[in-house]
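Below is one structure; the comments refer to it alone.
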Amino acid sequence: MTALKPSRVMDGDLTAATPYSLPHAWGRQSCTRCAPARPKKKKSALELQATMFCKNCGKQMPQDAGFCTDCGTGVAPAPPSAPPAKSSNLKGCLVLAGGFVVVLLVIGSFVPDAERPRPQAPTPYQIIDSSRVGDAKCSLDIRLEHRLNEPELQPLALYIQGQHASGCQRVFLSYYLPGMEVGAGGWATTHFNPNLDVKILGLTVEEAGARPPLPDGELVGRWISEMPAPNGFYTIVRRDGQPFGEWVFADGSNTAKQKGLQEELDERRIHTGGIRFETKGGDPHGEYYVLESDGRLGLYGSSGRFALLPQAE
């Protein structure tokens, strides 16, 4: 065995005198012969994934090898990666929905106006008469099924304007209740001139519900007038066979208060089967009443009947 000779240090350098020399500095590195072996560094998951092995013999081979260098087995090329998605599902849904809306709009443009569903009216009504002067003025007479209050007339007026008077600068609407004669004055009006103005000319819902007390005597009948004037209740009674008539107006006044008594009437049957009543001694304006065969009361003047009053319920 060869004996180790001491080394000599010169200017901080270490010179080995034996076959087993040490590195340049103490404590930094160990002897290459006697130092313990360093553990091998483990490969990462990416490195293991990139490493290729032969399917035939299991030997490792380069990543880009076309065949195994040990047994010569060919290597199949790696399949191409899938291309990225062209668009997300959300984007596709939005595009589809937009296209559907466009199709509906195109189809709707070819549907005639008569076949398109109209919005429902806020309350039933019937157009009795209408006239139009270009786009300057539209006038309509309308029959209602029952009386309304002002908040109910406003949406009805807007609906009728849009459905029957579109494009008119001024729109005049007159409303008639069942049994009212057209042309003798409407029960209510809603005029666009140009702003909407609502007026109830006859009895309101509250006034019609307030029944005045009946005068003394045998009741012949009571009728309700929805005209602007007179608007109220007209009652005919008989006392000792003599007919008397009395108006009770919407403001609470009556003919008894004005004259001190009810109107004394003359009556006679006419050829139509009705009964004619007129102020005793004659009316200065030539007006009179006729109790028609159907129970309604006709108001007549020199030019004929101008109103037909239904019986008060």
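Readers should treat all values here as calculations from the given coordinates under stated rules, not as data from a laboratory. Just so you know, these numbers come straight off a predicted model, no measurement behind them. Cβ atoms come from the backbone with ideal geometry, glycine included; neighbour counts cover every protein chain shown.
Dipole magnitude of the range 172-232 about its Cα centre, charges +1 at Lys/Arg Cβ and -1 at Asp/Glu Cβ only, in debye to the nearest 20?
In total the dipole reaches around 120 debye.
Kindly rank 194-204, 57-67 from highest to lowest mean number of other beta carbons found within 10 Å of each residue.
On the way: 194-204: 15.9, 57-67: 11.4.
Listed from highest to lowest mean packing, they are 194-204, 57-67.
By average Cβ neighbour count within 10 Å, what is the ranking of 176-185, 268-277 from highest down?
The most tightly packed comes first, giving 176-185, 268-277.
Based on the alpha-carbon set only, what is the convex hull volume of the range 272-313 divided per residue, in Å³? Provide the component values of the computation, followed by the final result.
On the way: hull volume 3.3 nm³, N = 42.
Here the figure is 78 Å³ per residue.
May I ask for the Rg/Rh ratio of the range 125-201, computed from Cα atoms with Rh as the Kirkwood radius, given to two decimals?
0.93
So who's got an amide H within less than 5 Å of the one on ARG170, skipping anything under 5 residues away but keeping other chains? H placed 1.01 Å off N, in plane.
LYS137, CYS138
So if I place +1 on the C-beta of Lys and Arg and -1 on the C-beta of Asp and Glu, and nothing else carries charge, what would the dipole magnitude of the range 207-309 be about its Cα centre? I want it in debye, nearest 20.
The calculated dipole for the range 207-309 is roughly 120 debye.
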